[in-house]
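Visitor: Dropping a structure here in structure tokens format, bear with me for questions.
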Amino acid sequence: MRWYVSIGAVLVAGALAGGDVAGFAAPGLKSEWAAQSAQKQAAPSVDIELILAVDVSYSMDMDELAIQREGYAQAIVSKEFLQALKSLPMGKIAVTYFEWAASSDQKIIIPWRLIDGPETADAVADEILKTPIRRASRTSISGAINFALPLFDEDPYHGLRRVIDISGDGPNNNGGPVTIARDAALEKGIIINGLPIMVKEPSYSTMDIDNLDFYYEDCVIGGPGSFVVSIKDRDKFKEAIRAKLLLEVAARTPERRVVPVAEKEPRVSCTIGEKIWQDRWGR
């Protein structure tokens, strides 16, 4: 069963210290020391490990892709974001940013970077903006989640929370089922939040669907406090990105909470993208 609850302030207990006496210890004490040492090394060094997974499929036009890039860059350097960062227990987050399309098409734009104030935020924003914009075929949300999971193991920082932030304008239509990828992430204690982009009317020439926000709520996001922030107005694209990042940093949920009933069928089929692709192109 998936639960969606608000996260309050997080308190971290100090790691226990241990060691040998004059270099000697009984086997039991050595085992205890090793456990304590590992615990100490695993002590959180940042408040959040945040993966920004950004859709660059062909259904996104070049203007949308540019606004999306600018939205993330401007959000990271905004006064509101820096204030939220400063209010965290450690005042630091680790961020990586990658773009995705098909199940085998993911590109890291920014490897893990520490943001702990205006200077590091500016550096990350500059990195986001300087990379040339690209587009690619197909939409694999499951591929994006599967690509994101091992990135946490490569992060030199250890966070109190691990979050995957997925933005996209259509349902999964390539790769494995999105719910299997989502559940694998939830089993690891990872939170998935969503930014469904709904600025265009669905048409036969695209993979857009009605109620993409419901699809993200029922099929994509998950974990304590997970949420969706929808973009339904192109003029509010950047505002929505900033709002979502602020919620993630502050560990809050929007006023409209998402509390699906586990036994209830999703409001939008979690395989709707695969079905549309099969019906139209037969492969």
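Here, each number is a calculation from the coordinates, and none is a lab measurement. Here the structure is a predicted model, which is why all the values come from computation and not from measurement. Cβ coordinates were reconstructed from backbone atoms using ideal geometry, including for glycine residues, and neighbour counts include every protein chain displayed.
Visitor: If the limit is 23 Å between Cα atoms, which of Lys200/Lys244; Lys92/Lys236; Lys188/Lys275; Lys107/Lys130 go over it?
Guide: Listed pairs above 23 Å: Lys92/Lys236; Lys188/Lys275.
Visitor: What is the sum of charges, Lys and Arg at +1 and Asp and Glu at -1, for the other residues whose Cβ falls under 10 Å from the Cβ of Lys107?
Guide: -1
Visitor: I would also like to ask the following. Taking the square root of 5 times each eigenvalue of the Cα gyration tensor, what semi-axes in Å does the equivalent ellipsoid of segment 137-252 have, largest first?
Guide: 24, 18, 11
Visitor: Karplus couplings for segment 46-59 from phi (6.51 cos²θ - 1.76 cosθ + 1.60, θ = phi - 60°), rounded to Hz, Gly and Pro as x?
Guide: 9, 6, 9, 9, 10, 9, 9, 10, 10, 6, 10, 5, 4, 5
Visitor: Please compute the net charge surrounding Ala73, taking Lys and Arg as +1 and Asp and Glu as -1 over other residues with Cβ under 12 Å from its Cβ.
Guide: In short, 0.
Visitor: Restricting things to alpha carbons, find the Rg to Rh ratio for segment 42-130 using the Kirkwood radius for Rh.
Guide: 1.01
Visitor: If you count, for each residue, the other Cβ atoms within 10 Å and average over each peptide, how do 96-106, 110-120 line up from highest to lowest?
Guide: 96-106, 110-120
Visitor: Charges only on Cβ, +1 for Lys and Arg, -1 for Asp and Glu: so what's the dipole of segment 92-216 about the Cα centre, in debye to the nearest 20?
Guide: Charge dipole of segment 92-216: 200 debye, to the nearest 20.
Visitor: How would you order 190-198, 126-134 from highest to lowest mean count of nearby Cβ atoms within 10 Å?
Guide: 190-198, 126-134
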